[in-house]
Amino acid sequence: MTQPLQSKPDYGIDAPAVLRNLFLFGTLCIILRFTAPRLVHLGSIDVLLHPMFAWTGGFLLAEAFLFLYYVKVGKFGHRDLILSLHTWRGDEQVLDVGCGRGLLLAGAAKHLTTGHATGLDIWSTTDMGGNAAAATERNLQLEGIADRCTLVSEGAQAMRFADASFNVIVSNLCLHNIYDRPTRQKAVAEIARVLKPGGVAILSDYKLTAEYAQQLTAEGLAVTRRWGNPLATFPPLRIVIARKPIV
Ligand SMILES: C[S@@+](CC[C@H](N)C(=O)[O-])C[C@H]1O[C@@H](n2cnc3c(N)ncnc32)[C@H](O)[C@@H]1O
């Protein structure tokens, strides 16, 4: 059977196993609420199972739906918020660190006239469903900006770019995926290294943003932090805005 030709960009599902597990265990708890005995005796303690399963199931399913809302709707608003934090000229060299299927990369490229946007990724399918350079390339073509974009397959902790290569660096939900701290710090140091004096790095994540901010401040950048829209992003996302001084 022939596959239908993809006609619209598909920005994928972030952390698909996390979303699946939230739905799975949430549903299981609700089923247990109606099928398990109401009370169990653990030695001298009576445990009421029904409220425990109802609350846990409700909590997990609420998280699952909020995350699904971010994946399907909220992340587009979050992309627009991130990109609105820079005043675009059109001639910028842009880097998207952990571009995944090109959400920020394509959005940034649409602001460019003579500039160029580079997406860097290791294409982890754990972090993003259907992640692959070919899937991102297809999205860039469908968005009509493939000619302004390049994809680079390598880790953020060891970038091939020369010092001071980019005017704007963006990154969303990437750096926390580097679990070991020294490697993560290398990635943040690489971001500071390849940013041009006068350039801005805008890094969004659901945790560790204080760590990124502290390191970038120590690297001599002027750093502020702000929240994303709490109604559109789940888990709530924080944004580090780091400007490299002109020396
Ligand atoms: C949750 S996805 C987010 C993708 C995209 N930024 C977005 O907002 O749609 C995280 C991305 O970071 C990438 N990633 C994880 N570790 C990385 C590393 N060390 N270097 C570069 N990319 C990495 C993953 O492959 C994945 O595409």
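The values are calculated or read from the model by the stated rules, or taken from the named source; none is laboratory data. Everything numeric in this text was worked out from a predicted model, so none of it was measured. All Cβ positions, glycine included, derive from the backbone under ideal geometry; neighbour counts span all protein chains shown. Note: accessible area is taken over every heavy atom of the protein model, side chains too, but ligands, DNA and RNA are not part of it. Shrake-Rupley method; radii C 1.70, N 1.55, O 1.52, S 1.80 Å.
Results, tabulated for the structure shown:
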| item | result |
| --- | --- |
| Loop-located chymotrypsin sites (Phe, Trp or Tyr not before Pro) in region 42-109, at most 14 other Cβ atoms within 10 Å (DSSP) | none |
| Charge dipole of the chain about the Cα centre (unit charges at C-beta), most positive-ward option of Ser44, Ile145, Leu83 | Ser44 |
| Charge dipole magnitude, Cβ of K and R +1, D and E -1 - the chain, Cα centre, debye nearest 20 | 360 debye |
| Whole-Å distance, taken between Cα centres, linking region 65-135 and region 171-245 | 15 Å |
| Accessible-area value, Glu143, 1.4 Å probe, nucleic acids and ligands omitted, Å² | 50 Å² |
| Estimated dipole of region 52-114 in Debye, rounded to 20 [Cβ of Lys and Arg +1, of Asp and Glu -1, Cα centre] | 140 debye |
| Equivalent ellipsoid dimensions for region 16-76 as semi-axes, Å, which come from the Cα gyration tensor, largest first | 31, 9, 9 |
| DSSP-defined antiparallel bridges as percent of all bridges, the chain, nearest 5 | 45 percent |
| Added length on full extension, which subtracts the Cα-Cα distance from 0.36 nm per residue, Trp227 to Asp163 | 20.1 nm |
| Over region 79-243, equivalent-ellipsoid semi-axes from the Cα gyration tensor in Å | 21, 18, 16 |
| Rough spin-label spacing in nm, given labels placed 7 Å along Cα→Cβ, for Val247 and Val18 | 3.6 nm |
| Cα-based reach from Lys72 at 27 Å (exclusive), listing lysines while leaving out same-chain residues under 8 positions away | Lys8, Lys110, Lys207 |
| Estimated inter-spin distance, Phe59 and Ala210, nm [label 7 Å along Cα→Cβ] | 2.2 nm |
| Coil-residue trypsin sites (Lys or Arg not before Pro) of region 28-117, DSSP, other Cβ within 10 Å capped at 11 | Arg38 |
| Most positive-pole-ward Cα, Leu28, Phe53, Thr113, against dipole of the chain from beta carbon charges | Phe53 |
| Computed [θ] at 222 nm, deg cm²/dmol, the chain (DSSP H ≥ 4; -39,500 (n - 2.57); rounded to nearest 500) | -12000 deg cm²/dmol |
| Glu154 paired with Met52, simple spin-label distance in nm, labels 7 Å along Cα-to-beta-carbon | 5.2 nm |
